[in-house]
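Working notes for the structure below.
The values are calculated or read from the model by the stated rules, or taken from the named source; none is laboratory data. Keep in mind it's a predicted model, so treat the numbers as computed, not measured. Heads up, the Cβs are rebuilt from the backbone with ideal geometry, glycines too, and the neighbour counts pull from every protein chain shown. Side chains included, ligands, DNA and RNA excluded: accessible areas come from the protein's heavy atoms. Shrake-Rupley method; radii C 1.70, N 1.55, O 1.52, S 1.80 Å.
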Amino acid sequence: MSLTAAQRFHAYANPARFMALSERLLAPLSVLTLLTLGAGLWFALFSSPPDYQQGETVRIMYVHVPSAWLAMLGYSVMALASAVALIFRHPLADVAAKSAAPIGAAFTFLALATGSLWGKPMWGTWWEWDARMTSVLILFFLYLGYMALWATIEDPLRAARAAAVLALAGAINIPVIRYSVVWWNTLHQPASVFRMDGPTIAPSMLLPLGLMAAGFTLLFFTLHLVRMRAEIMRRRVRNLRLARADEGGL
Amino acid sequence: MRRAFLALLARDIRLAAGMGGGGGMAVLFFLTVVAIVPLGVGPDRPVLELLAPGMLWVGLLLASLLTLDRMFQADVEDGSFDLLSMGPLPLELVAVAKSLAHWVVTGLPLVIAAPVLGILLNLPPATMPYLMLAMLVGTPALSFIGAVGAALTVGVRRGGLLASLLVLPFYIPVLIFGVGAVEAAAGGFEGQAARQALLFLAAITLAAIAIGPLGAAAALRAILR
């Protein structure tokens, strides 16, 4: 018997089924992540030419650009999962949204930190309040606020819905980040990979960048899966504790 | 429905005015924040003139955050929110009334107080109309965006701190364009640049009025269900 897409969507609402599937996926996904990230690092750090203007500092870019992409992907995953949680009441969606936040926040921090390290030798400043940097900093604050809201509301069901509203409100920032370099002509350089007229970056640098981006993306989804599993187990423990407290006559 | 809306609006304004904790307190807070700036950076007049638009806006933001957490919390605590949620008004309109009341009680007095504080900071008199206009256009956005933060933190202990943390990232565009309008006017670009910043500010306010109450109502339903 084959399932329709909608049936499959709801079939994985069963956490037990999700746990079984994710357990099988985890090992191959981890191996793939390690291989891609390893190859990416090799090309990025050793087997690619230094830039004719930036010299060796261009290698920071291989960490910086994928981190920035993943910072936005992480928030998009979070916002999408929040929308699914609010609309369909899918029980795994708020687990997915909650689990994506700290990973996305870490990538955002990485993007800000590496950008700062690159900015000092290249622009002569650690930080500049230009549109791209400011909007990414706001993204970082949004992640922190989202996590703080989860931490302060005790009941997971109520916390999930409140956090989902916040995540959706903050999603307004994602297109602002994407187009900040187009709308405001400021210090940060415009996009050079995803353009209508094709990438303007040299092919010898596109390969390590692509590998790193793929590796970072795989890393994100591996970590996300691990965190989702941990969150489901944490909720089971919570429920068991509550049940035991009930039995104890409390 | 209109009568219920107006009644709620009048009640909230009267409550805030009666308790003395609304506008008066916010203006006093605004005054103290602005007054410590010259003490902090030194009373050098050109420096103050440079800092004035930014400090006035930062003070305004902080003062309006300060009063945010009571927007729904007080009603939830004394039970009148249960009546509101069962009454004829949908929660979205309740949020509109609450945000509007918040703006009348805190936003408006702050705008009126701003020129006086501008004198303290040596703001050129020619830029005062722009300052007031920018604040008049921008402050409703603070109340309507703030309503979402206030709704999200209903029932949270020490919710005021969390509400500030949640809301401040959304206040940043208001701050940027609000300061931009005043600085453009101060720099002699009264026409084009100041007008552009004011239009951006108006766009943000309109978007906040359209989206804020929906978000606040969704948050209230989620938390108090």
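Which value in Å is the Kirkwood Rh of the range A:46-138 over different Cα pairs?
14.8
Relative contact order (percent) for the range B:2-224, with alpha-carbon contacts under 8 angstrom and 6 or more residues of separation?
Value for the range B:2-224: 26 percent.
Is any helix in chain B, taking whole DSSP H runs, at least 15 angstrom long along its axis by alpha carbon and on average at least 0.0 on the Kyte-Doolittle scale, and which ones?
Qualifying helices, which must be both long enough and hydrophobic enough, are B:2-19, B:23-41, B:45-66, B:91-102, B:108-120, B:128-152, B:159-186, B:192-224.
Using only atoms on other chains, find how many Cβ atoms lie within 10 Å of each Cβ of peptide A:160-169 and report the average. List each step's numbers first, then the result.
Details: counts 1, 7, 12, 3, 3, 13, 7, 0, 2, 14.
Mean partner shielding for this stretch: 6.
In the range A:74-173, which trypsin sites (Lys or Arg not before Pro) fall in coil by DSSP and have 16 or fewer other Cβ atoms within 10 Å?
A:Arg89
I'd like the mean, over residues of A:133-143, of how many other protein chain beta carbons sit within 10 Å of each residue's own Cβ.
The per-residue average across the peptide is 2.
Can you compute the charge dipole magnitude of the protein assembly as shown about its Cα centre, using +1 on each Lys and Arg Cβ and -1 on each Asp and Glu Cβ, nothing else charged? Give it in debye, rounded to the nearest 20.
Values: 32 positive and 23 negative charges, 279 e Å.
That gives the protein assembly as shown a dipole magnitude of about 1340 debye.
Taking all pairs of distinct Cα atoms, average 1/r, flip it, and tell me the Kirkwood hydrodynamic radius of the protein assembly as shown in Å to one decimal place.
Evaluated over the protein assembly as shown, this radius sits at 24.9 Å.
If you rank B:Ile145, B:Ile211 by how much accessible surface each has, with a 1.4 Å probe, what is the order from largest down? Working shown, then result.
Working: B:Ile145 30, B:Ile211 100 Å².
So the residues, ranked largest to smallest area, are B:Ile211, B:Ile145.
Sort out the exposed loop chymotrypsin sites (Phe, Trp or Tyr not before Pro) in chain A (DSSP loop, at most 12 other Cβ within 10 Å) and tell me the longest stretch that has none.
After excluding every exposed loop site, the longest remaining stretch is A:53-125.
Averaged per residue, what accessible area in Å² does chain A show with a 1.4 Å probe, protein chains only?
Per-residue accessible area for chain A comes out at 54 Å².
Can you tally the net charge around A:Val136? Count Lys and Arg as +1, Asp and Glu as -1, for every other residue whose Cβ sits under 13 Å from the Cβ of A:Val136.
0
Given the -39500 (n - 2.57) contribution per DSSP H run of 4+ residues, what per-residue ellipticity at 222 nm results for chain B, rounded to the nearest 500 deg cm²/dmol?
-28000 deg cm²/dmol
Just need log10 I(q)/I(0) for the range B:73-225 at q = 0.08 Å⁻¹, Debye formula, equal scatterers on the alpha-carbon atoms, no solvent, rounded to two decimals.
With one equal scatterer per Cα and no solvent, log10 I(q)/I(0) is -0.27.
Averaged over B:211-218, how many beta carbons belonging to a partner chain fall within 10 Å of each residue's beta carbon?
2
Among A:Leu166, A:Asn239, B:Ala184, whose Cα lies farthest out toward the positive end of the dipole of the protein assembly as shown, if unit charges sit on the beta carbon of Lys, Arg (+1) and Asp, Glu (-1)?
A:Asn239
So how exposed is A:Ile60, as accessible area in Å² (1.4 Å probe, rounded to 10)?
Number for this one is 50 Å².
By how many degrees, 0 to 90 and rounded to 10, does the Cα axis of helix A:173-183 deviate from the longest principal axis of chain A?
For helix A:173-183, the angle is close to 10 degrees.
Per DSSP H run of at least 4 residues, take -39500 (n - 2.57); add these up for chain A, divide by its residues and hand me the 222 nm value, nearest 500 deg cm²/dmol.
-27000 deg cm²/dmol, from helical runs alone.
Counting only protein chains, not ligands or nucleic acids, how are A:Ser76, B:Ser164, A:Ser99 ordered by accessible area (probe 1.4 Å), most first?
Values: A:Ser76 50, B:Ser164 30, A:Ser99 5 Å².
Listed by decreasing accessible area, they come as A:Ser76, B:Ser164, A:Ser99.
Using +1 at the Cβ of each Lys and Arg and -1 at the Cβ of each Asp and Glu in the protein assembly as shown, identify which of A:Met133, A:Pro156, B:Val116 lies farthest towards the dipole's positive end.
Of A:Met133, A:Pro156, B:Val116, it is A:Pro156.
Rounded, prolate or oblate: pick one for the range A:25-180, where a ≥ b ≥ c are the square roots of the eigenvalues of its C-alpha gyration tensor, a/c under 1.5 means rounded, and failing that, prolate if a/b is larger than b/c, else oblate.
Cα axes put the range A:25-180 in the oblate bin.
Just how large is the dipole of chain B about the Cα centre, in debye to the nearest 20, putting +1 at every Lys and Arg Cβ and -1 at every Asp and Glu Cβ? Could the numbers behind the result be given before it?
Details: 12 positive and 11 negative charges, 91 e Å.
Its charge dipole is roughly 440 debye.
Roll a 1.4 Å probe over the protein heavy atoms and report the accessible area of B:His102 in Å², nearest 10.
Its accessible surface works out to 20 Å², give or take rounding.
With a 1.4 Å probe and all protein chains kept in place, how much accessible area does A:Asp94 have, in Å² rounded to the nearest 10?
Accessible area of A:Asp94: about 20 Å².
Counting Lys and Arg as +1 and Asp and Glu as -1, what is the net charge of the other residues whose Cβ lies under 11 Å from the Cβ of A:Ala163?
+2
Please list, ordered by chain and number, the residues whose modelled amide H lies under 5 Å from the amide H of A:Asp51; skip anything fewer than 5 residues away on the same chain.
Amide H neighbours of A:Asp51, under 5 Å, 5+ apart: A:Val58.
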